[in-house]
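These notes concern the structure reproduced below.
The values are calculated or read from the model by the stated rules, or taken from the named source; none is laboratory data. Remember, it's a predicted structure, so these values are computed and weren't measured experimentally. The area values use the complete protein model at the heavy-atom level, side chains included, leaving out ligands, DNA and RNA. Shrake-Rupley method; radii C 1.70, N 1.55, O 1.52, S 1.80 Å.
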Amino acid sequence: MKLDRRKFFGFAAASPFAAKEAAIKAAEALEMEVSGMSLYSDSLYTGVSIPDFDDDDATTTRTIWDAIKDLGMPEWKRDDLWDDARRSRTIDPDIASMRSLSMSAKLDMQWKRNYETLLRRAYKQQEMERQKRSFFRKYTDIAEY
């Protein structure tokens, strides 16, 4: 068989190396899908939940984010957020376009940005949840879903 430039890519696609690479990618995608992650998603989940009590209740319990606002970020929560920030599989276009930086420097920059985003979203999500609950308490004839 004569291999010219037109047949090269067809041959490369059928090569054992390409098949092995495709199998590895398929296995990684399946592993991520099973673990609940996605190859094509870059969303960051803060895991913020608001208990059923409100600010005007007589309870002394408060959320972790209320405590963090008052006491500061504990080391175990900082490590947890940092791990979540590093799980992102994408790099923002403005960071990716920086030619003078190595890939590890770009990833580090992206992870720091993800960490800050997680913090911002956690505080905002908690406030939005309180506003939402207040709205539905006020308008009992409206269902959320």
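Roughly speaking, what is the stretch gain from TYR145 to ARG62, that is 0.36 nm per residue apart minus the C-alpha to C-alpha distance, in nm to one decimal?
Contour length minus the Cα-Cα distance gives 27.2 nm.
Sort TYR115, TYR145 from largest to smallest accessible area, using a 1.4 Å probe on the heavy atoms of the protein chains.
Putting TYR115, TYR145 in descending order of accessible area: TYR145, TYR115.
When all protein chains stay in place, what accessible area (Å², nearest 10, 1.4 Å probe) is found for ARG86?
110
Let me check something: with ligands and nucleic acids excluded, how do LEU101, LEU118 order by accessible area (1.4 Å probe), largest to smallest?
Result, largest first: LEU101, LEU118.
Once the whole set of protein chains is in place, how much accessible area is left on LYS106, using a 1.4 Å probe, in Å² to the nearest 10?
The value for LYS106 is about 30 Å².
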